[in-house]
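The values are calculated or read from the model by the stated rules, or taken from the named source; none is laboratory data. What you see is a predicted model, and the numbers here were worked out from it, not measured in a lab. Cβ: placed from backbone, ideal geometry, glycine included. Neighbour counts: every protein chain shown. Ligands, DNA and RNA are stripped out before the accessible areas are found, and what is left, the full protein with its side chains, is counted by its heavy atoms. Shrake-Rupley method; radii C 1.70, N 1.55, O 1.52, S 1.80 Å.
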Amino acid sequence: KNLVGSAMAGSMGGFNAHAANTLTAIYLATGQDPAQNVESSTCITLMEPANDGRDLRISCSMPSIEVGTIGGGTVLPPQAACLDMLGCRGPNRDHPGAHAQRLARIICAAVMAGELSLCSALASGDLVRSHIALNRAAPATPANTPQSSVTPQP
């Protein structure tokens with residue numbers, strides 16, 4: 001999925017399962033510029049056996065993540081509250097840039113957790129089973145497709 005699948009799909013954003021989803025959710029919650037998700041979600045996730053196959057070593061590299069903890073959307077009350085909760089709101093006067101580095105690490109850790117979760121669900125078959133259980137296997141018909149409540153204007 002991560003290496004071969006991304007390469008076969010012609011991926012330009014790295015080799016990962018769905019880094020952009022997690023990154024963008026955190027960007028919106030913390031007042032980041034969501035347009036930066038293109039560069040910032042460039043990610044390489046690697047998984048390999050360790051300790052004679054008894055463990056799994058996972059790594060997630062995000063070399064071009066762009067974050068900030070001052071200005072812009074970070075001043076909005078809900079987004080500022082999220083940054084407070086993560087311990088990285090505003091400038092770090094003793095170590096400039098430390099809060100942005102902390103936020104970047106938090107995002108990468110969340111991406112890695114999501115990557116592990118999705119790859120586990122794929123490997124176990126849970127992803128397919130849950131989609132079938134939620135009727136995502138049924139073809140779209142007027143009876144099971146939500147109708148838009150927006151009325152077209154002439």
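Annotations
- Pairs, first part of a strand (DSSP E or B) in the stretch 20-44, second open to solvent by 40 Å² or more (accessible area, probe 1.4 Å), C-beta under 6 Å, six or more apart: 44/15; 44/61
- Taking the numbered list (1) modelled with pLDDT of 95 or more; (2) under 30 Å from residue 125 (Cβ atoms); (3) open to solvent by 60 Å² or more (accessible area, probe 1.4 Å) in turn, residue 9 passes all entries but (1).
- Here residue 60 fulfils each of the conditions (1) open to solvent by 30 Å² or more (accessible area, probe 1.4 Å); (2) outside any helix (DSSP H, G or I); (3) over 17 Å from residue 33 (Cβ atoms); (4) not aliphatic (A, V, I, L, M) apart from (1).
- Residues in the stretch 24-43 that are farther than 19 Å from residue 76 by Cβ and crowded, with 17+ Cβ neighbours inside 10 Å: 40, 41, 42, 43.
- Failed item, numbered, when residue 62 is tested on (1) aliphatic (A, V, I, L, M); (2) at pLDDT below 90; (3) closer than 26 Å to residue 96 by Cβ: (2)
- Among residues of the stretch 83-108, those that are under 27 Å from residue 46 (Cβ atoms) and touching a residue at least 12 places away in the same chain (Cβ under 8 Å), counted: 9
- Qualifying residue in the stretch 98-120 (condition: at pLDDT below 95, exposed (fewer than 12 other Cβ atoms within 10 Å of the Cβ) and more than 17 Å from residue 26 (Cβ to Cβ)): no
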